[in-house]
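Report on the following structure.
The values are calculated or read from the model by the stated rules, or taken from the named source; none is laboratory data. A quick note: this is a predicted structure, and the numbers were derived from the prediction, not measured. Positions of Cβ are generated from backbone atoms using ideal geometry, with glycine treated the same way; all protein chains shown enter the neighbour counts. These accessible areas exclude ligands, DNA and RNA; they are computed on the full protein's heavy atoms, side chains included. Shrake-Rupley method; radii C 1.70, N 1.55, O 1.52, S 1.80 Å.
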Amino acid sequence: MGEPPGSTWMVDASGRGHHGRIGHEVGVGMFDGTTVGYRFERLEPDTPPTRPGHLVSVPDQTDLDPGERDFAVSLRLKTTHKFGNIIQKGQATVSGGNWKVQLPNGRATCTFRGAKGTIELIAPYRINDGGWHVVRCSRLRSGVYLAIDGRLAAGREGWVGAIDNDWPVSIGGKTDCDQVKVGCDYYAGELDWAVIQAAPPAERSSPAVAGRR
């Protein structure tokens, strides 16, 4: 997420070519005089019309789906707001399951829905304090884990099964919503970077970077 102002494409720094389309409402530039990233302005929740220009969208690719592999999503954010879906692939009712990181009530939340069930973790404290925070959601064979700023905030044992859908990765809110029956849950705040990691069973001790933006 280090593109210059006016950029329309988010460049995947991993070299895998998972570039994303930057919506025209996403602010791209430097914040605090030192941090380059994206800014998402606040939009009124569940109020039409929809604002697809508020999103960054990365086309579907196999290595952006957990499948049955160990899988982790990490990002660095700053916000004073208390809602919004930050990054996700798929939505709650889509075939193949879904994963997402969101911020209800200012508390980081990890959700992984797979063929065997769903595990959702909610941080026990808020991070919408206007400071930068790193959030990491991990789905492993042993369970799901949520870390904030390098410290474990929540965890639950259990295996949710395979997650594999044909939806894009959406950053900043939902892609399929109408703001009436289905809210778009638009994120409000800033993002510095996002990393998606996945590893087959034989490589779980050292997962490969699947994408960094």
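Below are the figures for this structure:
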| quantity | calculated |
| --- | --- |
| Sole residue being without any contact (Cβ under 8 Å) to a residue 40 or more places away in the chain and among the small types (G, A, S), chosen from G27, G20 | G27 |
| Total residues in segment 117-133, condition open to solvent by 50 Å² or more (accessible area, probe 1.4 Å) and of a type in the set (S, T, N, Q) | 1 |
| Qualifying residue in segment 106-116 (condition: open to solvent by 10 Å² or more (accessible area, probe 1.4 Å) and aliphatic (A, V, I, L, M)) | yes |
| S14 being touching a Lys or Arg at 6+ places or on another chain (Cβ under 6 Å), of a type outside the set (A, V, I, L, M, F, W, C), in a loop (DSSP other than H, G, I, E, B) and surrounded by fewer than 18 Cβ atoms within 10 Å (Cβ to Cβ) | yes |
| The one condition in (1) open to solvent by 70 Å² or more (accessible area, probe 1.4 Å); (2) closer than 21 Å to H18 by Cα; (3) part of a loop (DSSP other than H, G, I, E, B) that R136 fails to fulfil | (3) |
| Segments classed as strands (runs of 3 or more DSSP E), wholly inside segment 141-191, with at least 3 members that are open to solvent by less than 50 Å² (accessible area, probe 1.4 Å) and aliphatic (A, V, I, L, M) | 143-148 |
| Single unsatisfied condition, D166 versus (1) farther than 20 Å from P59 by Cβ; (2) at pLDDT 95 or above; (3) not hydrophobic (A, V, I, L, M, F, W, C) | (1) |
